[in-house]
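Everything below concerns the one structure shown next.
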Amino acid sequence: MTSSSDRSPAVDVRSSKTYEVRTYGCQMNVHDSERLSGVLEEAGYVRAPEGSDGDADVVVFNTCAVRENADNRLYGNLGRLAPRKASRPGMQIAVGGCLAQKDRDTIVKKAPWVDVVFGTHNIGKLPVLLERARVQEEAQVEIAESLEAFPSTLPTRRESAYAAWVSVSVGCNNTCTFCIVPALRGKEKDRRTGDILAEIEALVDEGVSEITLLGQNVNAYGSDIGDREAFSKLLRACGRIEGLERVRFTSPHPRDFTDDVIAAMAETPNVMPQLHMPLQSGSDTVLKAMRRSYRQERYLGIIEKVRAAIPHAAITTDIIVGFPGETEEDFAQTLHVVREARFAQAFTFQYSKRPGTPAATMENQIPKEVVQARYERLVALQEEISWAENKKQVGRTLELMVAEGEGRKDGATHRLSGRAPDNRLVHFTKPDQEIRPGDVVTVEITYAAPHHLLAEGAVLEVRPTRAGDAWEKRSAAEAAKPAGVMLGLPKVGVPEPLPVATGSGCGCD
């Protein structure tokens with residue numbers, strides 16, 4: 001939160017300064033990027049048109065530090081922007097997120113044309129730091145060591161009018177040997193339940209009909225306040241919010257997955273039949289080396305209980321291949337779990353060494369060619385299972401929430417796209433009547449591919465929704481926006497969040 005002493009005077013001129021935010025990493029980063037966009041627009045900046053590709057007046061990189069090539073990717077992109085910045089006086093570049101929290105002053109040393117470096121804990125300061133860099137004509141590096149304000153207390157520019165992220169906690173108390181996130185985002189800190197529910201109710205009042213509860217370890221919610229059943233209670237409380245049609249959450253940790261959460265999922269009608277639960281490895285030996293506090297039997301036991309309580313649940317996961325010391329037998333155990341669990345989808349990663357993590361200095365690092373070969377075998381198996389599981393959906397009648405921009409070929413195929421309750425992507429025949437993102441349609445599934453479903457017949461029912469109204473209202477407002485705005489400073493406002501994604505992307509949950 002920006003204190004009065006940090007506020008710079010508003011710029012008293014008409015301005016059409018544009019901004020672009022480039023996001024890398026997990027849903028937490030996507031959530032943070034919406035806040036970055038929110039505080040910039042609150043300060044008077046205007047979002048650059050789609051496809052600007054570095055032509056904005058302010059380009060912000062919201063970085064991830066999980067993958068091995070994260071640094072190279074950032075500096076490569078910064079290098080490509082350097083000549084453009086040199087030819088455009090007044091253009092500014094900012095770098096935030098996990099890599100900024102980790103590298104700090106290194107970024108300005110390697111890329112001296114960067115104007116602002118900020119961390120994961122002080123995203124609300126970005127407009128102030130940009131103004132300070134402009135006035136002082138030197139780079140501003142400000143990395144807060146602890147959280148200044150929950151992301152959800154900052155202004156936002158949501159990517160979706162009908163679906164939203166809602167943060168229940170930040171940080172992580174786990175000590176997985178492959179993960180650097182806890183060092184960069186700090187210890188877990190829970191939000192008050194009342195604040196979470198108040199935010200959800202405010203979002204529903206604005207027309208949002210789907211929310212995703214978000215946390216680095218979402219089902220550990222309550223450990224900070226001493227209530228082991230706090231998360232299941234939160235799910236049930238969401239079920240009592242009128243107008244909230246769909247509730248999802250990501251990503252839970254198997255260690256904290258308790259029977260009361262399964263019961264809440266099964267008994268709360270608006271909690272969707274979907275579970276994304278990272279596995280990482282099927283080998284007990286590798287799980288121990290990763291410091292994952294569960295074993296294969298425990299993981300498969302959770303899935304068995306979920307399927308017994310919610311037969312149509314779609315279960316997805318994250319898997320890391322090639323962790324240091326992984327033997328062929330260890331990898332065979334991962335394949336065994338994949339066959340037993342029958343995941344609807346798996347987000348698979350080749351182990352990536354990160355400096356600063358215990359795994360980076362472990363012996364028996366696996367040769368790249370071995371990791372690649374195992375990775376390809378895993379992907380082939382999961383592809384086969386995903387397709388088989390999707391084929392089970394053929395003939396089912398499903399309610400879809402119409403999505404915006406999820407079908408790249410929709411225009412050419414005269415289709416629209418939507419998400420089923422279990423979050424499967426469905427492309428369906430476009431009906432004659434108008435349908436808006438956020439509206440709900442009923443369709444019959446006619447065909448299955450490994451990563452999507454088709455409903456090729458006529459739409460059985462169309463239900464206009466308040467979420468569709470919200471999308472239409474926002475679209476009209478965007479079209480009517482003036483080009484010039486007053487360029488001022490941020491102020492803390494009513495929160496808002498984002499659209500549904502699956503898979504942590506960082507493999508660290």
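The values are calculated or read from the model by the stated rules, or taken from the named source; none is laboratory data. None of these values were measured; they are calculated from a predicted model. A quick note on method: Cβ atoms are made from the backbone with ideal geometry, for glycine too, and the neighbour counts reach across all protein chains shown. For accessibility, only protein heavy atoms count, side chains too; no ligands or nucleic acids. Shrake-Rupley method; radii C 1.70, N 1.55, O 1.52, S 1.80 Å.
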*Only residues in segment 252-281 that are farther than 18 Å from C172 by Cβ and open to solvent by 10 Å² or more (accessible area, probe 1.4 Å) count as the first member; pair them with residues that are in a loop (DSSP other than H, G, I, E, B) and among the β-branched types (V, I, T), Cβ under 7 angstrom, at least 6 apart or cross-chain, and list the lot.*
A266/I310; P273/I310
*Mind listing whichever residues of segment 185-209 are at pLDDT below 90 and either in contact with a His (Cβ under 9 Å, 6 or more places away or on another chain) or open to solvent by less than 10 Å² (accessible area, probe 1.4 Å) (or both)?*
R185, G186
*Among the residues of segment 63-82, which ones are open to solvent by 50 Å² or more (accessible area, probe 1.4 Å) and either more than 28 Å from the chain's Cα centre (by Cα) or at pLDDT below 90 (or both)?*
R67, E68, N69, N72, R73
*asked:* The conditions are (1) open to solvent by less than 20 Å² (accessible area, probe 1.4 Å); (2) closer than 22 Å to R424 by Cβ, and S232 fails exactly one of them. Which is it?
replied: (2)
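Out of I302, I315, I225, report the one residue that is open to solvent by less than 70 Å² (accessible area, probe 1.4 Å), over 19 Å from the mean Cα position of the chain (by Cα) and β-branched (V, I, T). Quick ask: steps written out before the conclusion?
Values: I315 fails: over 19 Å from the mean Cα position of the chain (by Cα); I225 fails: open to solvent by less than 70 Å² (accessible area, probe 1.4 Å).
None of the others qualify; the one that does is I302.
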_Top-ranked residue of segment 129-143 - restricted to ones that are without any contact (Cβ under 8 Å) to a residue 40 or more places away in the chain and hydrophobic (A, V, I, L, M, F, W, C), ranked as farthest from M91 (Cα to Cα)_ = V141
*Residue that is nearest to the chain's Cα centre (by Cα) [pool: residues in segment 7-33 that are at pLDDT below 75, open to solvent by less than 40 Å² (accessible area, probe 1.4 Å) and not polar (S, T, N, Q)]*: C26
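Being free of Cβ contacts under 8 Å to residues at least 12 places away in the same chain and either over 30 Å from A388 (Cβ atoms) or open to solvent by less than 40 Å² (accessible area, probe 1.4 Å) (or both) is true for just one of E478, E472. Which residue is that?
Details: E472 fails: free of Cβ contacts under 8 Å to residues at least 12 places away in the same chain.
Exactly one residue qualifies, and that residue is E478.
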*Inspect segment 274-286 for any residue being in a helix (DSSP H, G or I), in contact with a helix residue (DSSP H, G or I) (Cβ under 9 Å, 6 or more places away or on another chain), closer than 15 Å to V218 by Cα and at pLDDT 95 or above and give the result as yes or no.*
no
*Filter segment 411-444 down to the residues that are in contact with a Leu (Cβ under 7 Å, 6 or more places away or on another chain) and small (G, A, S), then identify the one that is nearest to Q274 (Cα to Cα).*
A420
*asked:* Looking at A467 and the list (1) open to solvent by less than 30 Å² (accessible area, probe 1.4 Å); (2) of a type outside the set (D, E); (3) at pLDDT below 65, which single condition is not satisfied?
replied: (3)
*Would you pick out the residues in segment 34-55 that are open to solvent by 10 Å² or more (accessible area, probe 1.4 Å) and modelled with pLDDT under 85?*
P49, E50, G51, S52, D53, D55
*Can you spot a residue in segment 390-407 that is farther than 30 Å from R466 by Cβ and under 27 Å from the mean Cα position of the chain (by Cα)?*
yes
_I need a count of the residues in segment 327-343 that are open to solvent by less than 10 Å² (accessible area, probe 1.4 Å), closer than 15 Å to V370 by Cα and assigned to a loop (DSSP other than H, G, I, E, B)._
0
*Please find, within segment 395-410, the residue that is farthest from A164 (Cα to Cα) out of those that are loosely packed, with under 13 Cβ neighbours inside 10 Å and not hydroxyl-bearing (S, T, Y).*
G395
*Go through segment 314-346 and give me each residue that's touching a strand residue (DSSP E or B) at 6+ places or on another chain (Cβ under 6 Å) and either at pLDDT below 95 or over 15 Å from I385 (Cβ atoms) (or both).*
D318, I320, V321, G322
*Filter segment 344-389 down to residues that are more than 16 Å from D318 (Cβ to Cβ), open to solvent by 60 Å² or more (accessible area, probe 1.4 Å) and touching a helix residue (DSSP H, G or I) at 6+ places or on another chain (Cβ under 8 Å), then give me how many there are.*
3
*So which residues in segment 411-464 are of a type in the set (D, E, K, R), open to solvent by 20 Å² or more (accessible area, probe 1.4 Å) and either without any contact (Cβ under 8 Å) to a residue 24 or more places away in the chain or under 20 Å from V394 (Cα atoms) (or both), if there are any at all?*
R415, R419, R424, K430, D432, E434, E444, E456, E461
*asked:* Residue under question is R240, and the condition is that it be in contact with a Cys (Cβ under 7 Å, 6 or more places away or on another chain) and either within 30 Å of T175 (Cβ to Cβ) or open to solvent by 40 Å² or more (accessible area, probe 1.4 Å) (or both); does it hold?
replied: no
